[in-house]
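Peer 1: Can you read through this structure? Questions will come right after.
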Amino acid sequence: MTRRTGMETDPKAGEAAAEHRLWGGRFVEGMEAAAAELNRSLPVDYRLWPQDVRASKAWVKALARAGVLQPEEEAQLCDGLECVAQRLADGAGVGAPDEDVHTLVERLLYQEVGELAGKLNTGRSRNDQVATDLRLWGLEASDAVERELVGLGRALLGQAKRGLDLYLPGYTHGQRAQPVRWGYVLLAHAWPLTRDRARLADAARRMAELPLGSGALAGSSVTVDRDFLAGTLGFDRPASNALDVTGDRDFAAELLFALALLATHMSRLAGELLTYASSEYGFIRLADGYCTGSSLLPHKRNPDVFELARAKSARVLSDLAGLLSLLKALPAGYSKDLQEDKAFLFDAVDTMLLTLPAVRGAVETLEPVPERMAAALDRDLLATDLAEGLAAAGVPFREAHGLVGRLVKLAETRGLHLGDVPPDEAGAIHPLLPSLVASLDSWEGSIERRDSAGGSSGASVAAQILRLEGEFQMPS
Ligand code: ARG
């Protein structure tokens, strides 16, 4: 068996490819060029070759166990597939003219082992083959995304730890609401990632059902041991119904949904950090390495990484919408529509694997600007503390809320901060208010008073960090 370097170096290879088809016996005329081009999926599914070779080797072993292949044939086919893998790794498939990745692998196998290659497809169809390849690819892709997700989670944790004692306004409706810790705000973006990780794992559980051995739609003509196949390929179990699994792309949709929601979370993080990095807020400063300049304005430092992260989520969301539209109303079993599934899934995974590392780096290297955070804290943010003080003294909270509202209004009319309203005027609203106003302490005091689990108090944030350290362990 000779190892070849690539079909592009072999002038006969193009001709051979044009002749190599997995079908055609019943056809009199060849395919029209336009139809063949439309039908051709190699440019998209080419990247499935490692999975296709792996699944083919497992199939060879299963055929041998079923007595369809002799031990020498099994060895020859496995060696041949190994050579095919080497050649493909060396670029043998670049610019190849084949219909799809399965045809490409089989053609190269013919070149390696001759007519014996024709036995590989015994009892197998491209329908169970492509479903198997794509699940194998999806499981690997999910692992790769998980690693990047954990990387981003750890970056947020690192910043959160550094930002434990930095105080800034917490916002609702885009309005300053109550003082919080900077670390706490970052943790609010870390928790969604733990749910994303759990969703990826959940999707992977269902993805780990094996289609191979299903034939085209009704099961295989060879009684292969599908449990053996599943074990060999790292699946948890064989799928239960051949017609279902050859047309089932739920696994791709589930992975895409997990990615779309992860992308949405990433866009929310990016959007919020863009606000904080803006000239007007200036709460954080991004590292030079994660900014770009303007071709016209020499002073500009643009936060492109977060803007692109916000934008890339649109792309992943549309990939999900595209796949669901593709699947809608398809009958059970394989339809050629399903050939279009890959572009959506590949694009979403590529987009996330491109974006997550950049966002992680930008988060890791951003610097908080404590003075700007502190400058945004005005004493009106302590209005709730006053109302709670009155409530602690027995005033029903609803009434306390109204009384402090009057104090806020008075301060506003007089152009004063809440704490600067003269005691006699505050006392006219409620006799306890002057002493409460005088007792308003530091931002930290206000934050620590809200010491319920899950809040922004030091103890709660420390407990959350501890739990998140556990959640963001790198997968082994
Ligand atoms: N290239 C095809 C796909 O990606 C492979 C399956 C083709 N099956 C068939 N019956 N023509 O879906």
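Peer 1: Sticking with the crude label model, points 7 Å out along Cα→Cβ, report the distance from residue 285 to residue 435 in nm, one decimal please.
Peer 2: 4.6 nm
Peer 1: Can you send over the solvent-accessible area of residue 373, 1.4 Å probe, protein chains only, in Å² to the nearest 10?
Peer 2: 0 Å²
Peer 1: Got a sec to turn the phi values of region 29-46 into Karplus ³J(HN,Hα) couplings, 6.51 cos²θ - 1.76 cosθ + 1.60 with θ = phi - 60°, whole Hz, x for Gly and Pro?
Peer 2: Rounded to whole hertz, the list is 9, x, 7, 5, 4, 5, 5, 5, 5, 5, 6, 6, 10, 3, x, 8, 8, 3.
Peer 1: List the residues whose amide H sits under 5 Å from the amide H of residue 239, counting only those 5 or more places along or on another chain, with H placed 1.01 Å from N in the peptide plane.
Peer 2: Distant-sequence amide H within range of residue 239: 210.
Peer 1: Just to compare against my own numbers: the Cα pair-distance distribution for region 151-226, 10 Å bins, whole % per bin, please.
Peer 2: Per 10 Å bin, starting at zero, the Cα-Cα P(r) for region 151-226 comes out as 16, 25, 19, 12, 11, 10, 6 percent.
Peer 1: Go through region 152-160 residue by residue and turn each phi into a ³J(HN,Hα) via Karplus (6.51, -1.76, 1.60, θ = phi - 60°); whole Hz please, and just put x for glycine and proline.
Peer 2: For region 152-160, the Karplus-derived couplings read 5, x, 5, 5, 5, 4, x, 5, 4 Hz, x marking Gly and Pro.
Peer 1: Would you mind checking which residues have amide H under 5 Å from residue 292's amide H? H placed 1.01 Å from N; only 5 or more apart, or other chain.
Peer 2: For residue 292, the qualifying residues are 302, 304.
Peer 1: Enter the angle in degrees (range 0 to 90, nearest 10) between the Cα long axis of helix 383-392 and the first principal axis of the Cα atoms of the chain, meaning the one along which they spread out most.
Peer 2: Helix 383-392 sits roughly 70 degrees off the main axis of the chain.
Peer 1: Something else about it: Checking a compactness column here: for region 317-376, what do you get for Rg(Cα) / (2.2 N^0.38 Å), N being the number of residues?
Peer 2: In units of the 2.2 N^0.38 Å rule of thumb, it is 1.95.
Peer 1: Follow-up question, since we're still on this one. So, in Å, what gap is there between the alpha-carbon centers of region 282-319 and region 40-106?
Peer 2: So the separation of the two Cα centres works out to 43 Å.
Peer 1: Counting only other residues whose beta carbon sits under 11 Å from that of residue 476, what net charge do I get with K and R as +1, D and E as -1?
Peer 2: 0
Peer 1: Projected area of region 54-208, taken from the Cα convex hull and averaged over every viewing direction, in nm²?
Peer 2: 14.2 nm²
Peer 1: For region 209-306, treating each Cα as an identical point scatterer without solvent, what Debye log10 I(q)/I(0) comes out at q = 0.17, 0.23 1/Å?
Peer 2: The Debye formula, applied to the Cα set alone, gives -0.81, -1.13.
Peer 1: How big is the equivalent ellipsoid of region 70-117 along its three axes, where each semi-axis is √(5λ) from the Cα gyration tensor, reported in whole Å from largest to smallest?
Peer 2: Its equivalent ellipsoid spans semi-axes of 20, 11, 7 Å.
Peer 1: By how many degrees, 0 to 90 and rounded to 10, does the Cα axis of helix 71-89 deviate from the longest principal axis of the chain?
Peer 2: Taking the Cα atoms of the chain, the angle to 71-89 is about 50 degrees.
Peer 1: Right, next: Over what distance in Å are the Cα centres of region 403-476 and region 128-172 separated?
Peer 2: 33 Å
Peer 1: On to the next question. For region 359-476, give the percent of accessible area contributed by carbon and sulfur heavy atoms, probe 1.4 Å, rounded to a whole number.
Peer 2: The C+S portion of the solvent-accessible surface of region 359-476 is 56 percent.
Peer 1: Could I ask something else about it? Can you tell me the 0 to 90 degree angle between the C-alpha axis of helix 49-65 and the longest principal axis of the chain, rounded to 10?
Peer 2: 50 degrees
Peer 1: Moving on to the next point. Quick one, can you get me the convex hull of the C-alpha atoms of the chain expressed as volume per residue in Å³?
Peer 2: That works out to 208 Å³ per residue.
Peer 1: Would you work out the relative contact order for region 197-264, in percent, from Cα pairs under 8 angstrom that are 6 or more residues apart?
Peer 2: Once normalised by length, the contact order is 40 percent.
Peer 1: Keeping every protein chain in place, order 248, 90 by accessible area at 1.4 Å, biggest value first, i.e. largest first.
Peer 2: Putting 248, 90 in descending order of accessible area: 90, 248.
Peer 1: Return a whole-number percent for the relative contact order of the chain, with Cα pairs under 8 Å and 6 or more residues apart as the contact set.
Peer 2: Over the chain, the number comes to 16 percent.
Peer 1: Tabulate in residue order the Karplus-calculated ³J(HN,Hα) for region 367-376, using 6.51 cos²θ - 1.76 cosθ + 1.60 with θ = phi - 60°, rounded to whole Hz; enter x for Gly and Pro.
Peer 2: 10, x, 10, x, 4, 5, 5, 5, 5, 7
Peer 1: Also, I was wondering about something else. With the calculation restricted to Cα positions, what are the radius of gyration and Dmax of region 88-158 in angstrom?
Peer 2: Final numbers for Rg and Dmax: 18.1, 59 Å.
Peer 1: How far, in nm, would the chain grow between residue 308 and residue 237 when pulled straight, counting 0.36 nm per residue and subtracting the alpha carbon separation?
Peer 2: Gain on extension, residue 308 to residue 237, equals 21.6 nm.
Peer 1: When the helices in the chain are scored as -39500 (n - 2.57) per DSSP H run of 4 or longer and the sum is shared across all residues, what 222 nm value do you end up with, to the nearest 500 deg cm²/dmol?
Peer 2: After summing the helix terms and dividing by the residues of the chain, the value is -20000 deg cm²/dmol.
Peer 1: Continuing with this model, one more query. Could you list which residues have their amide H under 5 Å from that of residue 180, counting only those 5 or more apart in sequence or on another chain, with H placed in the peptide plane?
Peer 2: For residue 180, the qualifying residues are 168, 170.
Peer 1: Counting other Cβ atoms within 10 Å of each Cβ, which GluC sites (Glu not before Pro) in region 237-298 have at most 11 and sit in a DSSP loop?
Peer 2: 280
Peer 1: Straight-line reach from residue 119: which lysines have Cα under 17 Å away, leaving out those fewer than 8 places along the same chain?
Peer 2: Straight-line reach from residue 119, under 17 Å: 57, 61.
Peer 1: Further question: Any idea of the accessible area per residue across the chain, 1.4 Å probe, to the nearest Å²?
Peer 2: Per-residue value: 46 Å².
Peer 1: If you average the sequence gap of Cα pairs under 8 Å that are 6 or more apart and divide by the length of region 123-222, what percent do you get for the contact order?
Peer 2: Answer for region 123-222 is 44 percent.
Peer 1: Carbon and sulfur together cover what percent of the accessible area of region 189-234 at a 1.4 Å probe radius?
Peer 2: Carbon plus sulfur share of accessible area: 54 percent.
Peer 1: Can I ask one more? Got a sec? What order do 295, 456 fall in by accessible area at 1.4 Å, biggest, i.e. largest, first?
Peer 2: 295, 456
Peer 1: Now a separate question. Rank these residues by their accessible area, most exposed first, probe 1.4 Å: 276, 171.
Peer 2: Largest accessible area first, the list is 171, 276.
The values are calculated or read from the model by the stated rules, or taken from the named source; none is laboratory data. The model shown is predicted, which means the values in this text are computed figures rather than measured ones. Quick reminder, even Gly has a Cβ in these numbers, built from the backbone with ideal geometry, and neighbours come from all protein chains shown. Please note that ligands, DNA and RNA were not included when accessible areas were found on the heavy atoms of the full protein model with its side chains. Shrake-Rupley method; radii C 1.70, N 1.55, O 1.52, S 1.80 Å.
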